[in-house]
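Reviewing the structure listed below.
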Amino acid sequence: MTVLPYLVAVWIFLIGCYGLATSRNLIHAVGCLAVCQSATYVLLLAVGYRAGATAPVYSDIKPGSRPVVDPVVQALTLTDIVVGATVTALLLSLVMQVSKRHGTVDPDELRELRG
(Lines give C-alpha, C1' and ligand atoms only; values in the text may rest on other atoms or scores of the structure.)
Protein backbone atom coordinates (compact mmCIF):
# COMPACT_ATOMS: atom_id res chain seq x y z
CA MET A 1 0.00 0.00 0.00
CA THR A 2 1.35 3.37 -0.98
CA VAL A 3 1.06 6.57 1.02
CA LEU A 4 0.25 8.70 -2.03
CA PRO A 5 -3.55 8.82 -1.49
CA TYR A 6 -3.02 9.86 2.12
CA LEU A 7 -0.63 12.62 1.07
CA VAL A 8 -3.13 13.81 -1.56
CA ALA A 9 -5.87 13.90 1.11
CA VAL A 10 -3.66 15.93 3.44
CA TRP A 11 -2.67 18.29 0.60
CA ILE A 12 -6.32 18.89 -0.39
CA PHE A 13 -7.24 19.50 3.25
CA LEU A 14 -4.39 21.98 3.75
CA ILE A 15 -5.28 23.86 0.55
CA GLY A 16 -8.87 24.18 1.80
CA CYS A 17 -7.73 25.32 5.25
CA TYR A 18 -5.41 27.92 3.71
CA GLY A 19 -8.24 29.27 1.58
CA LEU A 20 -10.54 29.32 4.60
CA ALA A 21 -8.00 31.22 6.69
CA THR A 22 -7.27 33.82 4.01
CA SER A 23 -10.82 34.28 2.75
CA ARG A 24 -12.31 37.78 2.67
CA ASN A 25 -15.66 36.59 1.37
CA LEU A 26 -18.20 34.31 3.03
CA ILE A 27 -19.06 32.54 -0.24
CA HIS A 28 -15.38 31.82 -0.81
CA ALA A 29 -15.13 30.50 2.75
CA VAL A 30 -18.00 28.07 2.13
CA GLY A 31 -16.27 26.87 -1.04
CA CYS A 32 -13.02 26.33 0.82
CA LEU A 33 -14.88 24.38 3.49
CA ALA A 34 -16.27 22.15 0.72
CA VAL A 35 -12.70 21.58 -0.50
CA CYS A 36 -11.72 20.52 3.03
CA GLN A 37 -14.67 18.14 3.01
CA SER A 38 -13.53 16.59 -0.28
CA ALA A 39 -10.28 15.52 1.37
CA THR A 40 -12.31 13.09 3.46
CA TYR A 41 -13.61 11.43 0.29
CA VAL A 42 -10.08 10.70 -0.85
CA LEU A 43 -9.12 9.49 2.62
CA LEU A 44 -12.09 7.13 2.93
CA LEU A 45 -11.54 5.67 -0.52
CA ALA A 46 -7.85 5.17 0.23
CA VAL A 47 -8.71 3.27 3.41
CA GLY A 48 -11.10 0.94 1.58
CA TYR A 49 -8.89 0.27 -1.45
CA ARG A 50 -7.40 -3.18 -1.99
CA ALA A 51 -4.98 -3.91 -4.84
CA GLY A 52 -6.31 -6.45 -7.32
CA ALA A 53 -9.77 -6.49 -5.74
CA THR A 54 -13.08 -6.44 -7.58
CA ALA A 55 -16.40 -4.76 -6.89
CA PRO A 56 -18.34 -6.18 -3.94
CA VAL A 57 -21.04 -7.82 -6.07
CA TYR A 58 -21.46 -11.48 -5.13
CA SER A 59 -23.91 -12.54 -7.86
CA ASP A 60 -21.27 -14.17 -10.08
CA ILE A 61 -18.61 -15.29 -7.55
CA LYS A 62 -18.54 -17.28 -4.35
CA PRO A 63 -17.84 -15.23 -1.21
CA GLY A 64 -14.19 -15.57 -0.28
CA SER A 65 -13.01 -16.83 -3.68
CA ARG A 66 -11.21 -13.57 -4.55
CA PRO A 67 -10.59 -10.26 -2.78
CA VAL A 68 -13.17 -7.49 -2.97
CA VAL A 69 -13.05 -3.87 -1.88
CA ASP A 70 -14.77 -2.92 1.35
CA PRO A 71 -18.39 -1.92 0.61
CA VAL A 72 -18.81 -0.23 4.01
CA VAL A 73 -16.17 2.36 3.17
CA GLN A 74 -17.85 3.04 -0.17
CA ALA A 75 -21.19 3.53 1.59
CA LEU A 76 -19.56 5.89 4.09
CA THR A 77 -18.05 7.90 1.23
CA LEU A 78 -21.45 8.26 -0.44
CA THR A 79 -22.96 9.32 2.88
CA ASP A 80 -20.15 11.84 3.31
CA ILE A 81 -20.87 13.30 -0.13
CA VAL A 82 -24.57 13.73 0.70
CA VAL A 83 -23.84 15.31 4.08
CA GLY A 84 -21.23 17.61 2.51
CA ALA A 85 -23.68 18.80 -0.14
CA THR A 86 -26.33 19.41 2.52
CA VAL A 87 -23.98 21.39 4.75
CA THR A 88 -22.76 23.45 1.79
CA ALA A 89 -26.34 24.26 0.76
CA LEU A 90 -27.23 25.24 4.33
CA LEU A 91 -24.18 27.48 4.68
CA LEU A 92 -24.83 29.15 1.33
CA SER A 93 -28.42 29.87 2.37
CA LEU A 94 -27.13 31.43 5.60
CA VAL A 95 -24.69 33.56 3.57
CA MET A 96 -27.61 34.72 1.43
CA GLN A 97 -29.53 35.74 4.55
CA VAL A 98 -26.50 37.62 5.90
CA SER A 99 -26.15 39.37 2.55
CA LYS A 100 -29.82 40.39 2.53
CA ARG A 101 -29.76 41.62 6.11
CA HIS A 102 -26.39 43.36 6.22
CA GLY A 103 -25.72 44.12 2.54
CA THR A 104 -22.25 42.53 2.50
CA VAL A 105 -20.52 39.17 2.50
CA ASP A 106 -17.24 40.51 3.87
CA PRO A 107 -16.77 39.14 7.41
CA ASP A 108 -14.81 42.24 8.51
CA GLU A 109 -17.74 44.54 7.73
CA LEU A 110 -20.23 42.63 9.86
CA ARG A 111 -20.09 44.75 13.01
CA GLU A 112 -23.11 43.09 14.67
CA LEU A 113 -21.37 39.71 14.76
CA ARG A 114 -18.35 40.93 16.72
CA GLY A 115 -18.14 40.00 20.37
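The values are calculated or read from the model by the stated rules, or taken from the named source; none is laboratory data. The model shown is predicted, which means the values in this text are computed figures rather than measured ones. For neighbour counting, all protein chains shown are included, and Cβ atoms are generated from backbone atoms with ideal geometry for every residue, glycine included. What goes into the accessible areas is simple: the full protein's heavy atoms, side chains included, and nothing from ligands, DNA or RNA. Shrake-Rupley method; radii C 1.70, N 1.55, O 1.52, S 1.80 Å.
With 0.36 nm allotted per residue and the present C-alpha distance subtracted, the Tyr18-Lys100 stretch has 26.8 nm of extension available. Using a Gaussian network model of the chain in which every pair of alpha carbons under 10 angstrom is joined by a spring, one finds that among Gly19, Gly84, Gly103 the greatest mean-square fluctuation is at Gly103.
Which loop-located trypsin sites (Lys or Arg not before Pro) does segment 33-115 contain, where loop means any DSSP state but H, G, I, E or B and the Cβ has at most 15 other Cβ atoms within 10 Å? Please report the intermediate quantities before stating the final value.
Working: sites: Arg50, Lys100, Arg101, Arg111, Arg114; in loops: Arg50, Arg114.
Counting only loop positions with at most 15 other Cβ atoms within 10 Å, the trypsin sites (Lys or Arg not before Pro) in segment 33-115 are Arg50, Arg114.
Please work out the Kirkwood hydrodynamic radius for segment 60-111, using every pair of different C-alpha atoms, and report it in angstroms with one decimal place. Kindly include the intermediate steps, with their values, before the conclusion.
Values: mean 1/r = 0.0681 Å⁻¹.
After inverting the mean inverse Cα-Cα distance, the result is 14.7 Å.
Taking amide hydrogens as placed 1.01 Å from N in the peptide plane, the amide H of Val68 sits under 5 Å from those of Thr54, each at least 5 positions away in sequence or on another chain. Entry comment: accessible area of the chain is 69 Å² per residue, from protein heavy atoms only and a probe of 1.4 Å. Here the Karplus curve 6.51 cos²θ - 1.76 cosθ + 1.60, taken at θ = phi - 60°, turns the phi angles of segment 61-78 into couplings of 10, 7, x, x, 6, 8, x, 10, 6, 6, x, 5, 5, 5, 5, 5, 5, 5 Hz, with x standing for Gly and Pro. Extents of the chain, largest first, come to 64, 28, 19 Å (Cα atoms, principal axes, whole angstrom). Tell me the angle of helix 26-48 to the major Cα principal axis of the chain, expressed in degrees between 0 and 90 and rounded to the nearest ten. For 26-48 against the chain, the angle is about 10 degrees.
Spatially, segment 39-60 and segment 65-102 are offset by 19 Å when compared through their Cα centroids.
Among the chymotrypsin sites (Phe, Trp or Tyr not before Pro) within segment 1-60, those in coil by DSSP and having at most 16 neighbouring Cβ atoms inside 10 Å are Tyr49, Tyr58. Per-residue ellipticity at 222 nm from helix content only, as computed over the chain with -39500 (n - 2.57) for each DSSP H run of at least four residues, stands at -23000 deg cm²/dmol.
If you run the Gaussian network model on the chain, springs between alpha carbon atoms under 10 Å, then out of Thr40, Thr22, Thr77 the most flexible one is Thr22.
Can you send over the carbon and sulfur percentage of the accessible area for the chain, probe radius 1.4 Å, protein chains only? Each step should come with its number before you reach the end.
Working: 5510 of 7990 Å².
Roughly 69 percent of what the probe reaches on the chain is carbon or sulfur.
The long axis of helix 4-22 is offset from the longest Cα principal axis of the chain by roughly 10 degrees. Top mean-square fluctuation among Ile81, Ile15, Ile61, Gaussian network model of the chain, C-alpha springs under 10 Å? Comparing Ile81, Ile15, Ile61 in the GNM, the peak value goes to Ile61.
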